[in-house]
């Protein structure tokens, strides 16, 4: 009997230890000090990440990528929990949701969400703002060197003029460039109909003799050094070019323009999910958000942060995109299998480049 009581007591003790261990593990999970992020390379100031860690004690493991498809491959090939959150183009909200990999944001833990401008909310890929929080926005504008270009540029069609032969730079981005070609010919940016893509292809065929450089990493460089006279490039790159060369100006065509947000998303089964909400709230604080624009001068959707921008950025139309331009902007969406049609137009355009 004593042996039985001893054995029973031993079992109870073991069970008690396991319960305590479980509680400790649960408690530790709730107060995790780690956050695993996968996002664009050279896009989030390291000083901001360091400050977040200093203020919260949460260490950030930041995995970078240079191509969204690379990001998608990493996320899908990794076990759940490898990454807690993603920073990627808005259309990836659709893709990751469809694959069952996104969790809703806990808005109660993100009071700074209210700092976002209404123009940045209710995007087609996240109509009710449940799965994403805008970080920065990318507009596609036309940059030109005022000393070299004397004829005013008002339309995408102006880039086809003989005076621009072998003197333009464009970003190496199929959705953006083909999207501009679609809009230049009177179609919607996500139109993949035979007629629309035929018109876009014709436009690009006329544009090609004028393209000197395809540059996906630093299209501003050839503008700054005078190697080209104009270009179809991202607003942030134009802003940096303007800072380095005062002869560089920006103009937005009279047709619709390409515009896309990069957004934060929480991955499903994120082991550090509470830290995701904490991090997003930190990033949407005005004094934090303004640091993004100072380092990477893209469009900032944080209306409170914009008030804190230095005057040179606040007054720069490449950074603070005019409302009438935003009103006629269009954003790219996930096209599924139809994307192959865009890829074909792009590959035909680039040819042996």
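Thinking of the stretch 121-221 as a set of Cα atoms, what percent of all their pairs are more than 20 Å apart? For the stretch 121-221, the share of Cα pairs beyond 20 Å comes to 48 percent. Between helix 46-56 and the chain there is an angle of about 30 degrees, using the helix long axis and the longest principal axis of the Cα atoms. Counted residue by residue at 0.36 nm each, then reduced by the alpha carbon distance between them, the extension gain from residue 324 to residue 41 reaches 98.8 nm. Placing R0 at 30 angstrom, the Cβ-Cβ distance between residue 227 and residue 56 gives a FRET efficiency of 0.10 after rounding to 0.05. What angle, in degrees between 0 and 90 and rounded to the nearest 10, separates the Cα long axis of helix 286-295 from the longest principal axis of the Cα atoms of the chain? Approximately 50 degrees, to the nearest 10.
Using a Gaussian network model of the chain in which every pair of alpha carbons under 10 angstrom is joined by a spring, one finds that among 156, 43, 92 the greatest mean-square fluctuation is at 43.
By the Stokes-Einstein formula, at 1.002 mPa s and 20 °C, the chain with its Kirkwood radius over alpha-carbon pairs has D equal to 97 µm²/s. In units of the compact-protein estimate 2.2 N^0.38 Å, the stretch 188-339 shows a Cα radius of gyration of 1.24.
For residue 69 and residue 295, a Förster radius of 30 Å and the Cβ-Cβ distance give a FRET efficiency of 0.75, rounded to the nearest 0.05.
Within the listed set 280, 233, 60, the Gaussian network model of the chain (springs between alpha-carbon atoms below 10 Å) gives the highest mean-square fluctuation for 60. The antiparallel fraction among DSSP beta bridges confined to the chain stands at about 55%. Using a Gaussian network model of the chain in which every pair of alpha carbons under 10 angstrom is joined by a spring, one finds that among 64, 293, 73 the greatest mean-square fluctuation is at 73.
What is the helix-to-structure angle for 339-350, meaning the angle in degrees between its Cα long axis and the longest Cα principal axis of the chain, kept from 0 to 90 and rounded to the nearest 10? For helix 339-350, the angle is close to 40 degrees.
All of the numbers you see were taken from the coordinates with simple rules; none came from a lab. Model, not experiment: these values are computed from the prediction. With ideal geometry, Cβ positions are generated from the backbone for all residues, glycine too; neighbour counts draw on all protein chains shown.
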